[in-house]
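Written out below as C-alpha cells is the structure these notes cover.
Just so you know, all these numbers are worked out from the coordinates, no wet-lab data involved. Being a predicted model, the structure only gives us computed values, none of them experimental. Heads up, the Cβs are rebuilt from the backbone with ideal geometry, glycines too, and the neighbour counts pull from every protein chain shown.
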Amino acid sequence: MEGLERYAVVSCHVERPLDDAVWHAFERLLTARPAGFVVTPFLRPPHSASGEDEELWLERARRAAQLAPLGHHTHWGGPSQARPPEAAEAGSLVRDEIAWLRARGLEPRWFCAGGWYLDLPVAEALGASGYVDCSATTFRQSYLAEGAPRLQLPGPRRLRLPSGTTLLELPATHSLGMLARGLLRLDGLVHLHFHDWELVDRRRALALQALLRALRLRRSPLAIDALADFAANAPEIAWPGATIGA
C-alpha cells in the first residue's frame, strides 16, 4: 500500500434518496465531481414498512450507478434508525437487502453500515457476497456507548473471518467537521464521509465544496474502486474476538 498517503477518497451516506430536494442536490454533486472527486454513493434501500416508493428508488439508484461506483448503506430500523433494534438479526437483514438489490439488476460492491455498526454476522454476510466494507473507522464515535458493536482500524486491512472468507475494510478517516479541524495536519490516506441531507443546508454544502477544494491541494482524488485495487495487499488481521478492534 505504499504511496496511499498521497490520496483522498470521498463517500456519501445517501439516507434520503426519495426526498426530491436532497436527491437533486446530491445528483448535481455526483455529476459535478467537485475538485475532481468521484463521490461514492452508499444508498439506503427503500423501507417497505414505511411506505417508501421502490420504483422511484430504483430509478435514482440506477442513475447513481451511472455516475459513480454504487454502494449500499443499511439502516436496520428504518429511515430514522441506523443501528439494529434489540433482537434484530443484523446479518440476515443485510443478506436480504443484497438479494433484493441483485434481483433488480443492481450490483453494489461497496458497503457502509448505518451508525457504523459491524458484528460478525454482518461481516460474514458482506464477505460471502463479495462486498468491500467501509463500516470501520479510524476514530471512535463519541455518541456510541462503550462496547457498542463497531470496528476501529488504523487504515485499510483485510479481515480474515472465522469462515475463512477475507473481507477488505476501507475505513473512514474524517467527517466534514473533523476535516475542517484537521486539514492542516493530515496524516496518511484520507477517506472523507458526509450525508446527502447535508447538501440542502447551505452552510454545510458550501463548507463541503470549500473543503474539497482545499483537500485537493493536499491529496490527489482517488475513486473507491482504485483505492480497493491499491489496498488489495493490505495487511491481513484475524476478526477480533470482540466487535471493537484496533
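Points to keep in mind about this one:
- Amide H contacts under 5 Å for Leu168, placed H, 5+ residues apart: Asp133, Leu159
- Mean Cβ neighbour count within 10 Å, used as a protection proxy, ranking 66-75, 149-158 highest first: 66-75, 149-158
- Near the amide H of His195, within less than 5 Å, lie the amide hydrogens of His13, all on another chain or at least 5 residues away, with H placed in the peptide plane.
- Of all DSSP-defined beta bridges confined to segment 100-246, some 30% are antiparallel rather than parallel.
- Only Cα pairs under 8 Å and 6+ residues apart enter the sum, and on that basis the relative contact order of segment 56-113 stands at 44 percent.
- Helix-only mean residue ellipticity at 222 nm for the chain, each DSSP H run of n ≥ 4 adding -39500 (n - 2.57), per residue, nearest 500: -10000 deg cm²/dmol
- Within the chain, longest stretch free of exposed GluC sites (Glu not before Pro) [DSSP loop, at most 10 other beta carbons within 10 Å]: 147-246
- Of the trypsin sites (Lys or Arg not before Pro) found in segment 61-109, those that fall in a DSSP loop while having at most 16 other beta-carbon atoms within 10 Å are Arg104, Arg109.
- Cα centroid of segment 62-94 to Cα centroid of segment 1-59, whole Å: 13 Å
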